[in-house]
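The values are calculated or read from the model by the stated rules, or taken from the named source; none is laboratory data. None of the values given here were measured: they were computed from a predicted structure. Quick reminder, even Gly has a Cβ in these numbers, built from the backbone with ideal geometry, and neighbours come from all protein chains shown. Note: areas computed on protein heavy atoms with side chains; ligands, DNA, RNA excluded. Shrake-Rupley method; radii C 1.70, N 1.55, O 1.52, S 1.80 Å.
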Amino acid sequence: MDNTRNNTRQWVHGLTALILGLFLLGISSSLGVVKNIVDLWGTLLSVPEYPAVVMREIYLDWRAWTRDKNSLNREVKQLREENAQLRIELAKLTSGKIYSDDKNSESKTARVTLRAPMSWWNEIRIDRGEVDKITQGLPVFYNGYLIGRVSTVSSMSSWAELITSPSFMIPAVIEETRELGVVVGDGNGTVLMRYIPAGRGVKDGMKVSTAMIGEQLPPGLPIGKIASEVSSGSDGYATYRIDPGADLSRFYTVSY
Amino acid sequence: MLLVILWLIQDFLTVFGGGGMQVPGLFMLGIVYKLLFDDGSDDSLWAIWAAFAGGILWDLRWVGIPGFFTLAHVIVVLIVLQVWGMIPPQARDSGNTIIVFMLMELSQLLPPMLPVLILGGNIGWTFFLIQQAYSLPAILFTMYIYLKRVKDSKKV
């Protein structure tokens with residue numbers, strides 16, 4: 001009996017609420033006072049809603065900042081790559097001006113006349129000398145990559161020290177990260193890059209070229225690519241093995 | 001008091017979502033949750049008028065025309081009262097997980113759908129999926145609290 005009474009009461013109250021809701025729905029669109037109530041209610045709620053508004057603004061700012069940062073990072077990376085390419089081009093033009101005797105910057109070739117087995121990875125002799133305007137310190141290339149520099153010059157021939165020689169030490173730069181180090185050979189066919197601060201994001205395949213701080217060689221002469229990390233010392237500096245761009249086992253001529 | 005807090009949290013989340021997000025209906029979940037532990041006495045009438053008041057305030061804040069959520073809230077409460085009233089009180093504590101879930105789901109699905117049904121608009125799968133993505137975690141959480149409370153009451 002009680003249940004039936006309760007059920008009836010529920011229906012009465014429920015239907016009353018529904019009719020009232022429908023009535024409000026029907027008349028509210030034509031009543032101007034509803035607008036005022038909506039405005040007033042919105043104003044009252046603006047107080048408890050204020051933290052949400054602030055948090056939303058912070059979130060939107062953070063999202064915009066992240067998007068801008070990613071976009072800028074992409075742009076910086078692209079500009080770095082462009083810059084590295086331009087440096088190489090500039091270096092090629094500069095070295096052409098400095099070392100070329102004529103106004104054409106075309107490189108000249110020389111034949112390798114001696115590569116002694118005892119100093120296989122240290123030096124070569126070429127068939128060009130003073131009469132061909134060869135000077136000490138002149139860079140020597142194979143396939144467009146630096147393989148050494150002229151160490152001694154005689155009238156008809158010259159000796160060039162190879163980059164695999166332990167006494168060949170030149171400042172070089174990793175083009176992608178602009179980290180500076182020293183390129184040096186080990187006398188056994190391996191080329192190393194030393195004194196790179198560890199943990200600077202140096203990756204395999206990054207390009208290595210001569211650095212501007214070297215006095216003897218112009219900057220931007222391509223040497224090769226980073227092949228692998230050899231060691232990371234306790235002094236905070238890492239040594240990398242360089243894969244030379246030129247095949248140092250199979251050259252019979254060089255350019256300069 | 002709990003319902004007032006839930007209403008304000010729901011409003012807070014809607015503001016944070018920029019008004020375009022299908023925020024879970026925490027207020028209605030709270031009402032349904034309380035009704036599930038109601039013994040079917042006269043006291044359950046509070047739910048009808050609480051839903052009415054919460055709906056009208058929501059309409060005034062987010063719809064601009066009072067009536068849409070007001071009606072939906074009252075309909076949900078009436079359905080919950082009738083369905084839950086049909087189950088004997090002794091049988092309510094066991095084996096009704098699906099019915100409880102359906103009642104909570106109804107409280108989340110009907111209110112946002114009613115304005116679209118009345119005014120017209122596209123109720124596609126996208127609407128349903130987005131609405132579910134936001135409300136389902138809230139429903140599952142309420143279910144967890146409900147089942148835990150039922151389990152605890154059995155122990156006592």
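Roughly what angle does helix B:26-36 make with the longest principal axis of chain B, taking Cα atoms, 0 to 90 degrees, to the nearest 10?
The angle comes out at about 20 degrees.
Nearest 100 Å² is fine: what is the total accessible surface buried where chains A and B meet, probe 1.4 Å? Intermediate values should be presented prior to the final figure.
Details: alone 17040 and 8940 Å², together 23130 Å².
Adding both sides of the contact gives about 2900 Å².
Could you give the accessible area per residue of chain B, probe 1.4 Å, as a whole number in Å²? All intermediate terms of the calculation are to be shown ahead of the outcome.
Values: 7500 Å² over 156 residues.
Value returned for chain B: 48 Å² of accessible area per residue.
Hey, any idea what % of the protein assembly as shown's accessible area is carbon plus sulfur with a 1.4 Å probe?
Carbon with sulfur: 60 percent of the solvent-accessible area.
Taking each residue of B:68-79 in turn, how many C-beta atoms of other protein chains fall within 10 Å of its C-beta, and what is the average?
4
Note down the magnitude of the dipole of the protein assembly as shown about its Cα centre, charges +1 on Lys and Arg C-beta and -1 on Asp and Glu C-beta and zero elsewhere, to the nearest 20 debye.
Charge dipole, the protein assembly as shown, about its Cα centre: 380 debye, nearest 20.
Using a basic spin-label model with each label point 7 Å from the Cα along Cα→Cβ, how many nm lie between A:Val54 and B:Phe101?
Taking the two extended label points, one gets 4.1 nm.
Counting only C-alpha contacts under 8 Å and six or more residues apart, can you give the relative contact order of chain B as a whole percent? Each step should come with its number before you reach the end.
On the way: 130 pairs, mean separation 39.7, N = 156.
In percent, rounded to a whole number, it is 25.
Per residue, how much accessible area does chain A have with a 1.4 Å probe, in Å²?
Here the per-residue accessible area is 61 Å².
Give, in nm to one decimal, the length gained when the segment between A:Glu82 and A:Thr4 is fully stretched (0.36 nm per residue of separation minus the Cα-Cα distance).
Going from the current span to full extension adds 19.6 nm.
Given B:Thr126, A:Ile88, B:Phe69, which one lies farthest toward the positive end of the charge dipole of the protein assembly as shown, if we put +1 on the Cβ of every Lys and Arg and -1 on the Cβ of every Asp and Glu?
Going by the Cα projections, it comes out as A:Ile88.
Which one, A:Pro48, A:Ala116, B:Trp58, projects farthest toward the positive side of the charge dipole computed for the protein assembly as shown from Cβ point charges (K/R +1, D/E -1)?
Value computed over the given set: A:Ala116.
Quick one: net charge of A:Gly42's neighbours, Cβ under 10 Å, K/R +1, D/E -1?
Spelling it out: positives minus negatives among the neighbours equals -1.
Go through the stretch A:173-256 and name the GluC sites (Glu not before Pro) that are in a DSSP coil and have 11 or fewer other Cβ atoms within 10 Å of their Cβ.
Working: sites: A:Glu175, A:Glu176, A:Glu179, A:Glu215, A:Glu229; in loops: A:Glu175, A:Glu176, A:Glu215.
Taking the stretch A:173-256 and a limit of 11 other Cβ atoms within 10 Å, the loop GluC sites (Glu not before Pro) found are A:Glu215.
Once Lys and Arg get +1 and Asp and Glu get -1 on their Cβ, which of A:Pro219, A:Ser151, A:Gly201 lies farthest toward the positive end of the dipole of the stretch A:131-252?
The residue sitting most towards the positive pole is A:Pro219.
Can you flag which of A:Lys77/A:Lys207; A:Lys77/A:Lys203; A:Lys69/A:Lys225 are past 22 Å Cα-Cα?
Flagged as over cut-off: A:Lys69/A:Lys225.
State to the nearest 20 debye the size of the charge dipole of chain B about its Cα centre, where the only charges are +1 on K and R beta carbons and -1 on D and E beta carbons. The partial results should precede the final answer.
Working: 8 positive and 9 negative charges, 79 e Å.
The dipole magnitude comes to about 380 debye.
Between A:Leu31 and A:Ser71, what FRET efficiency follows from the Cβ-Cβ distance if R0 is 60 Å, with the result rounded to 0.05?
Plugging the Cβ-Cβ distance into 1/(1 + (r/R0)^6) gives 0.75.
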